[in-house]
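Student: Would you mind keeping the following structure in view while I ask a few things?
The values are calculated or read from the model by the stated rules, or taken from the named source; none is laboratory data. Quantities reported herein were computed from a predicted structural model and do not represent experimental measurements. Here the Cβ positions follow ideal geometry from the backbone for every residue, glycine too, while neighbour counts run over all protein chains shown. What goes into the accessible areas is simple: the full protein's heavy atoms, side chains included, and nothing from ligands, DNA or RNA. Shrake-Rupley method; radii C 1.70, N 1.55, O 1.52, S 1.80 Å.
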Amino acid sequence: MGEKLLLQVEDLHTYFYTLQGVIKAIDGVNLCVREGEILGLVGESGCGKSVTALSILGLVPSPPGRVEGGRILFEGEDLLAKTPAEMRSIRGSRIAMIFQEPMSSLNPVFRIGDQMIEVIKLHKKVSTGSARIQALEMLHEVRMPDPEAVLAKYPFQLSGGMLQRVMIAIALSCEPSLLLADEPTTALDVTVQAQILNLMKDLIRKRNAAVLLITHALGVVAQTCDAVSVMYAGTVVESGSVESIFRSPAHPYTRGLMECIPDPSRKSDKLKIIPGTVPDPVNPPPGCRFHPRCYKATATCSQIRPDPVRVGPGHVVCCHYPEEG
Amino acid sequence: MNMVTFVSRRLVAMVPVLLGVTILTFLLSHVIPGDPARLLVGQKASDEVVKRMREELGLNDPLHIQYWNYLKQLLRGDLGTSIRNRRPVVQDLAERFPASFELTFVSLFICVIIAIPLGILTAVRRNHVVDHVTRVLALLGVSTPVFWWGLLLLLIFYFRLGWLPGPGRIDLAVPPPAGRTGLYILDSLLSRDWRALGSSLRHLVLPAFCLSYVYLAIMTRMIRSSMLDVLNLDYIRTARANGLPERAIIFRHALRNALVPTVTIVGLSFGELIGGAILTETIFAWPGLGSYMVDSVLFLDFPAIMGCTILVCLIYMTANLVVDIAYGFLDPRIRWG
Ligand SMILES: Nc1ncnc2c1ncn2[C@@H]1O[C@H](COP(=O)(O)OP(=O)(O)OP(=O)(O)O)[C@@H](O)[C@H]1O
Ligand SMILES: [Mg+2]
């Protein structure tokens with residue numbers, strides 16, 4: 001794992017202009033992904049994880065969405081300054097993405113092979129024959145049984161786990177240096193989840209590619225990731241290496257998330273929850289977004305938005321009163 | 001499941017439906033007020049003649065025997081004799097059907113080749129000028145009765161400007177093309193009868209335009225909305241995330257899926273129009289099934305009405321079958337499911 005920065009998202013703002021008002025889905029997100037690193041992006045549903053990934057790829061549905069500010073530096077180039085054609089040539093080749101629902105993520109009326117070959121031909125400018133060979137190799141790499149037969153199948157003839165393998169095969173077929181994986185295993189059953197995660201990790205390590213792994217399962221982060229960024233209501237509240245965040249979570253929200261993981265050794269405990277609900281994205285609370293739910297909130301928290309502070313090597317938190325130890 | 005099994009299964013499923021229709025048309029002929037025998041021999045015939053006619057028609061047999069005989073007659077392809085013109089109904093239908101088929105086919109063809117690009121364009125450029133203009137035109141098409149358009153078109157292009165011929169399938173001075181299909185365009189092309197071709201094409205313009213306008217409106221809106229639905233689906237997002245150009249996304253990935261509901265509309269419209277283009281056929285004196293049916297109804301010509309009903313039903317079912325086969329080609333889930 002190099003120390004070189006691959007992706008740097010600075011003060012990103014993505015808004016949705018709806019009839020209910022302006023939804024500030026992303027309101028000042030900062031992220032760093034180093035080369036070859038697996039960064040976990042965690043947070044409750046609706047905090048803006050998917051929109052962050054879509055903003056990076058330039059795929060925010062517009063209207064109603066728009067990236068309103070910030071910088072997205074990828075391999076030193078600002079993606080927000082690219083033309084649509086330039087972005088198209090980056091998508092699927094230098095940055096690839098896989099999604100949560102493998103069942104609906106492939107076109108139902110085309111064969112798996114045709115959909116793979118289409119992408120390979122597009123980015124690698126090769127003949128159909130050699131694209132087909134590469135597709136077969138990729139299916140082999142994702143440990144697909146009988147790749148030759150799979151090429152001729154339609155998506156509805158494969159299971160969810162198999163389809164997610166196909167999605168990974170397509171995503172990695174053009175050797176991206178960054179893979180955006182938006183809850184790639186949430187829709188799969190538990191045994192398949194672990195297989196897919198391990199497979200993804202293996203293939204990524206082999207290629208020295210980086211991953212932005214979106215999930216709301218901290219267990220997945222602990223097993224798979226090198227670093228983690230915690231999102232809350234459109235902002236990143238804490239980021240650092242997996243060890244330091246799991247050992248000493250500094251943001252009360254992160255701490256709350258960790259306590260929500262059920263501990264099997266204490267069976268009688270009721271499931272812990274963070275009190276309150278996610279704030280309304282149209283009228284977010286002033287100051288720290290988390291203060292209405294925070295047990296240590298003060299008047300400062302409700303007025304001033306906390307700046308990032310460093311609490312350890314590579315460990316940054318946005319809180320006026322970070323937890324210690 | 002392969003295509004042959006699929007089609008043959010559907011064909012078998014058509015049999016009970018057809019039987020049901022024959023029962024209905026048969027009963028229909030028995031609930032009509034008045035005596036078919038009297039209708040057939042005319043008002044001035046003596047009672048003796050009517051009685052002999054009743055015998056001859058088997059009208060004194062029990063109902064199920066009569067139905068059985070009717071069915072046997074149907075299976076021989078005999079639809080009875082028209083009361084109005086004393087000709088076999090089959091012969092009338094064989095003359096009328098090609099006229100309706102030609103008009104319907106050309107109308108729907110015009111429809112499809114305009115509606116598909118227009119539907120895509122208005123979906124992709126939604127709320128731009130084209131979209132608004134199409135919306136207004138579509139509204140006009142759906143809300144204005146077809147006979148109004150027909151009369152307007154005749155008034156302008158036939159009476160006032162004289163650019164296009166009026167009623168009929170072909171100029172009176174031009175002999176219809178030789179050929180056995182009865183489709184004037186096809187026949188004249190096959191027999192290289194350019195005069196007949198020109199004349200029948202010119203006669204087709206107004207009624208075809210009139211008929212296609214209403215369906216064009218519906219179809220364009222339909223393609224637009226199914227296109228918009230499809231463009232919001234996950235696999236389109238995947239295609240974008242894979243860097244595919246917009247062209248490929250719209251024409252390859254979205255269109256094929258969006259065409260499925262369109263095929264339904266085209267197929268059903270075909271079934272509907274072939275016997276149901278009554279107003280258009282009447283206004284343009286088009287000798288098709290629709291106008292034949294109207295005339296038969298006005299004359300209480302029951303053998304003709306029943307023949308038409310069965311034929312239209314058959315066409316409708318065939319159109320449905322073709323739609324299902326087309327589904328199978330467009331969507332593998334149906335083919336294999
Ligand atoms: N197309 C859209 N139109 C309007 N609002 C949107 C749209 N897409 C996302 N949003 C809003 O952006 C916010 C963040 O959504 P996002 O999908 O990024 O959440 P998420 O963190 O990925 O949640 P989940 O874990 O449920 O996937 C939500 O409040 C959502 O309402
Ligand atoms: Mg999401």
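Student: Is there a residue being open to solvent by 10 Å² or more (accessible area, probe 1.4 Å), assigned to a loop (DSSP other than H, G, I, E, B), assigned by TED's automatic domain parsing to the domain that holds A:Val119 and not polar (S, T, N, Q) anywhere in the stretch A:156-169?
Tutor: yes
Student: While we're on this one: Among the residues of the stretch B:243-271, which ones are hydrophobic (A, V, I, L, M, F, W, C), part of a helix (DSSP H, G or I) and more than 23 Å from B:Tyr215 (Cα to Cα)? First the steps, then the outcome.
Tutor: In the first step, residues of the stretch B:243-271 are kept if they are hydrophobic (A, V, I, L, M, F, W, C); the result is B:244, B:248-251, B:254-255, B:258-260, B:263, B:265-266, B:268, B:270.
When the remaining residues are screened for being part of a helix (DSSP H, G or I), the result is B:248-251, B:254-255, B:258-260, B:263, B:265-266, B:268, B:270.
Matches in the stretch B:243-271: B:Ala248, B:Ile249, B:Ile250.
Student: With A:Ser248, A:Ser239, A:Ser229 as the choices, which residue is closer than 20 Å to A:Glu259 by Cβ, touching a Gly at 6+ places or on another chain (Cβ under 9 Å) and within 16 Å of ligand 2 (Cβ to nearest atom)?
Tutor: Answer to the check: A:Ser229.
Student: Could you check A:Phe16 against (1) among the aromatic types (Phe, Trp, Tyr); (2) closer than 27 Å to B:Asn127 by Cα; (3) more than 16 Å from ligand 2 (Cβ to nearest atom) and say which number it fails?
Tutor: Of everything listed in (1) among the aromatic types (Phe, Trp, Tyr); (2) closer than 27 Å to B:Asn127 by Cα; (3) more than 16 Å from ligand 2 (Cβ to nearest atom), A:Phe16 misses just condition (3).
Student: Quick check, is B:Leu231 under 20 Å from B:Ala319 (Cα atoms) and either of a type in the set (S, T, N, Q) or within 13 Å of another protein chain (Cβ to nearest Cβ) (or both)? Show your work before the answer.
Tutor: Working: under 20 Å from B:Ala319 (Cα atoms): no; either of a type in the set (S, T, N, Q) or within 13 Å of another protein chain (Cβ to nearest Cβ) (or both): yes.
So B:Leu231 does not fit the description; no.
Student: Moving on. Out of all the residues in the stretch A:171-178, is one or more out of contact with any Gly (no Cβ under 9 Å at 6 or more places or on another chain), within 11 Å of another protein chain (Cβ to nearest Cβ) and surrounded by fewer than 17 Cβ atoms within 10 Å (Cβ to Cβ)?
Tutor: Taking every residue of the stretch A:171-178 in turn, none turns out to be out of contact with any Gly (no Cβ under 9 Å at 6 or more places or on another chain), within 11 Å of another protein chain (Cβ to nearest Cβ) and surrounded by fewer than 17 Cβ atoms within 10 Å (Cβ to Cβ).
Student: Return the pairs, sorted by first residue and then second, in which the second residue is open to solvent by 70 Å² or more (accessible area, probe 1.4 Å) and in a helix (DSSP H, G or I), the first residue lies in the stretch A:292-319 and is more than 24 Å from A:Pro275 (Cα to Cα), the beta carbons are less than 7 Å apart, and the residues are 6+ apart or on different chains.
Tutor: Here the result reads none, with nothing in the stretch A:292-319 linked to a residue that is open to solvent by 70 Å² or more (accessible area, probe 1.4 Å) and in a helix (DSSP H, G or I).
Student: Another one. Which helices (runs of 4 or more DSSP H) does the stretch B:277-337 wholly contain that include 1 or more residues that are open to solvent by 40 Å² or more (accessible area, probe 1.4 Å) and within 14 Å of chain A (Cβ to nearest Cβ)?
Tutor: The helices (runs of 4 or more DSSP H) meeting that bar are B:302-330, B:332-336.
Student: Report, by residue number, each residue of the stretch B:145-183 that is within 22 Å of the chain's Cα centre (by Cα) and loosely packed, with under 12 Cβ neighbours inside 10 Å.
Tutor: Correct list: B:Pro145, B:Arg180.
To keep it simple, each residue is scored yes or no on (1) more than 14 Å from chain B (Cβ to nearest Cβ); (2) out of contact with any His (no Cβ under 9 Å at 6 or more places or on another chain); (3) assigned to a loop (DSSP other than H, G, I, E, B).
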| position | (1), (2), (3) |
| --- | --- |
| A:Phe110 | no, no, yes |
| A:Ile117 | no, yes, no |
| A:Ile133 | yes, yes, no |
| A:Met138 | no, yes, no |
| A:Pro145 | yes, yes, yes |
| A:Ala149 | yes, yes, no |
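Student: Tell me the helices (runs of 4 or more DSSP H) entirely within the stretch B:1-72 that contain at least 3 residues that are touching a residue at least 12 places away in the same chain (Cβ under 8 Å) and small (Gly, Ala, Ser).
Tutor: Because the criterion is at least 3 residues that are touching a residue at least 12 places away in the same chain (Cβ under 8 Å) and small (Gly, Ala, Ser), no helices (runs of 4 or more DSSP H) in the stretch B:1-72 meet it.
Student: Go through the stretch A:114-143 residue by residue and tally those that are open to solvent by less than 10 Å² (accessible area, probe 1.4 Å), within 27 Å of the chain's Cα centre (by Cα) and without any contact (Cβ under 8 Å) to a residue 40 or more places away in the chain.
Tutor: 2
Student: Let me confirm something: among B:Pro245, B:Pro261, which residue is under 30 Å from A:Glu118 (Cβ atoms) and within 13 Å of another protein chain (Cβ to nearest Cβ)? Don't jump to the end; show me each part of the working.
Tutor: On the way: B:Pro261 fails: within 13 Å of another protein chain (Cβ to nearest Cβ).
After applying the criteria, what remains is B:Pro245.
Student: Condition first: assigned by TED's automatic domain parsing to the domain that holds A:Asn208, surrounded by 14 or more Cβ atoms within 10 Å (Cβ to Cβ), over 22 Å from A:His315 (Cβ atoms) and within 16 Å of ligand 2 (Cβ to nearest atom). Can you find one or more residues in the stretch A:32-49 that meet it?
Tutor: Yes, that holds for at least one residue.
Student: Can you name every residue in the stretch B:35-83 that is farther than 19 Å from B:Gly307 by Cα and among the charged types (D, E, K, R)?
Tutor: Correct list: B:Arg38, B:Lys44, B:Asp47, B:Glu48, B:Lys51, B:Arg52, B:Arg54, B:Glu55, B:Glu56, B:Asp61.
Student: Oh, and also: Here is a check on your reading of the model: is A:Glu259 open to solvent by 10 Å² or more (accessible area, probe 1.4 Å), away from ligand 1 (no atom under 16 Å from the Cβ), modelled with pLDDT under 85 and in a helix (DSSP H, G or I)?
Tutor: Taking the combined requirement at face value, the residue satisfies it.
Student: Next question, about the same structure. Within the stretch A:59-94, how many residues are within 9 Å of chain B (Cβ to nearest Cβ) and open to solvent by less than 10 Å² (accessible area, probe 1.4 Å)?
Tutor: 2
Student: I'd like the full set of residues that are touching a residue at least 24 places away in the same chain (Cβ under 8 Å) and open to solvent by 30 Å² or more (accessible area, probe 1.4 Å), limited to the stretch B:187-209.
Tutor: B:Arg202, B:Val205, B:Phe209
Student: Also, I was wondering about something else. Quick check on my filter: what residues within the stretch A:163-191 are over 16 Å from A:Thr215 (Cα atoms), of a type in the set (A, V, I, L, M) and without any contact (Cβ under 8 Å) to a residue 40 or more places away in the chain?
Tutor: First, the residues of the stretch A:163-191 that are over 16 Å from A:Thr215 (Cα atoms): A:163, A:165-178, A:191.
When the remaining residues are screened for being of a type in the set (A, V, I, L, M), the result is A:163, A:166-172, A:178.
The answer is none; no residue qualifies.
Student: With the structure loaded, tell me whether A:Glu141 is of a type in the set (Asp, Glu) and touching a Leu at 6+ places or on another chain (Cβ under 7 Å) or whether it fails that test.
Tutor: yes
Student: Any idea which residue in the stretch A:99-108 is most open to solvent (accessible area, probe 1.4 Å), counting only those that are over 17 Å from B:Pro332 (Cβ atoms) and more than 7 Å from chain B (Cβ to nearest Cβ)?
Tutor: So, considering only residues that are over 17 Å from B:Pro332 (Cβ atoms) and more than 7 Å from chain B (Cβ to nearest Cβ), the one most open to solvent (accessible area, probe 1.4 Å) is A:Gln100.
Student: I want to confirm something. Restricting to the stretch A:179-190 and keeping residues that are within 16 Å of A:Leu163 (Cβ to Cβ) and not charged (D, E, K, R), which single residue is farthest from ligand 2 (Cβ to nearest atom)? Quick ask: steps written out before the conclusion?
Tutor: So the first thing to find is which residues in the stretch A:179-190 are within 16 Å of A:Leu163 (Cβ to Cβ), and the list is A:181-189.
Pick out the ones that are also not charged (D, E, K, R) and you get A:181, A:184-188.
On the way: A:Ala181: 11, A:Pro184: 11, A:Thr185: 13, A:Thr186: 9, A:Ala187: 12, A:Leu188: 16 Å.
So, considering only residues that are within 16 Å of A:Leu163 (Cβ to Cβ) and not charged (D, E, K, R), the one farthest from ligand 2 (Cβ to nearest atom) is A:Leu188.
Student: Check the stretch A:172-183 and report whether any residue there is within 16 Å of ligand 1 (Cβ to nearest atom), in a loop (DSSP other than H, G, I, E, B), in the same structural domain as A:Lys49 (by TED's automatic domain parsing) and modelled with pLDDT of 90 or more.
Tutor: Yes.
Student: Okay, moving on. Give the residue, chosen from A:Val192, A:Val221, that is crowded, with 21+ Cβ neighbours inside 10 Å, of a type outside the set (Gly, Ala, Ser) and away from chain B (no Cβ under 14 Å). Spell out the reasoning first.
Tutor: Working: A:Val192 fails: crowded, with 21+ Cβ neighbours inside 10 Å.
The match here is A:Val221.
Student: Identify, from the list A:Leu54, A:Leu5, the residue that is within 14 Å of chain B (Cβ to nearest Cβ) and either surrounded by fewer than 18 Cβ atoms within 10 Å (Cβ to Cβ) or within 14 Å of ligand 2 (Cβ to nearest atom) (or both).
Tutor: A:Leu54
Student: Taking the stretch A:57-73 only, how many residues are within 21 Å of B:Asp234 (Cβ to Cβ) and away from ligand 2 (no atom under 16 Å from the Cβ)? Please lay out each step first, then the result.
Tutor: Residues of the stretch A:57-73 that are within 21 Å of B:Asp234 (Cβ to Cβ), as a first pass: A:57-65.
Next, only the ones that are away from ligand 2 (no atom under 16 Å from the Cβ) stay: A:58, A:62-64.
Residues flagged as within 21 Å of B:Asp234 (Cβ to Cβ) and away from ligand 2 (no atom under 16 Å from the Cβ) within the stretch A:57-73 amount to 4.
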